[in-house]
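The values are calculated or read from the model by the stated rules, or taken from the named source; none is laboratory data. Please read all numbers here as calculations on a predicted model, not as lab measurements. Every residue, glycine among them, receives a Cβ derived from its backbone with ideal geometry; neighbour counts consider all protein chains shown. Surface accessibility is based on the protein's heavy atoms, side chains included, excluding ligands, DNA and RNA. Shrake-Rupley method; radii C 1.70, N 1.55, O 1.52, S 1.80 Å.
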Amino acid sequence: MIVRIMGEGQVRLADGHLAELNKLDDELLAEMETGDGPGFRRTLQALLARVHDLGEPVPDDSLEPSDLILPSPDATLEEVQDLLTDEGLLPD
């Protein structure tokens, strides 16, 4: 799967990592629902860091379509809410 992090580029990520990332996505969603700004920021950073840790960067000159788009590290709570689906940021 190709994951785009807005403002950073793309990362190739094995589908097998989605379960681990979904735990962070669930935490992020809960923090957004309660308006926990510091928790939201911490969990968003952890989610993006984990994508970088588990994935492999896609070269900038590659024109592969993104299967998933994640917010930039400095995205606001409101900006991330605009990206949410019923499942959060990541598919279950």
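All conditions in (1) in a helix (DSSP H, G or I); (2) open to solvent by less than 50 Å² (accessible area, probe 1.4 Å); (3) more than 13 Å from Val3 (Cβ to Cβ) hold for Ala75, with the sole exception of (1). Tallying residues that are small (Gly, Ala, Ser), open to solvent by less than 60 Å² (accessible area, probe 1.4 Å) and assigned to a helix (DSSP H, G or I) within segment 1-19 yields 0.
Please find, among Arg42, Arg50, the residue that is over 15 Å from Gly9 (Cβ atoms), open to solvent by 100 Å² or more (accessible area, probe 1.4 Å) and modelled with pLDDT of 90 or more. Can you show your working first?
Working: Arg50 fails: open to solvent by 100 Å² or more (accessible area, probe 1.4 Å).
From the options Arg42, Arg50, the qualifying one is Arg42.
Counting residues in segment 20-30 that are open to solvent by 50 Å² or more (accessible area, probe 1.4 Å), outside any loop (DSSP other than H, G, I, E, B) and touching a strand residue (DSSP E or B) at 6+ places or on another chain (Cβ under 6 Å) gives zero.
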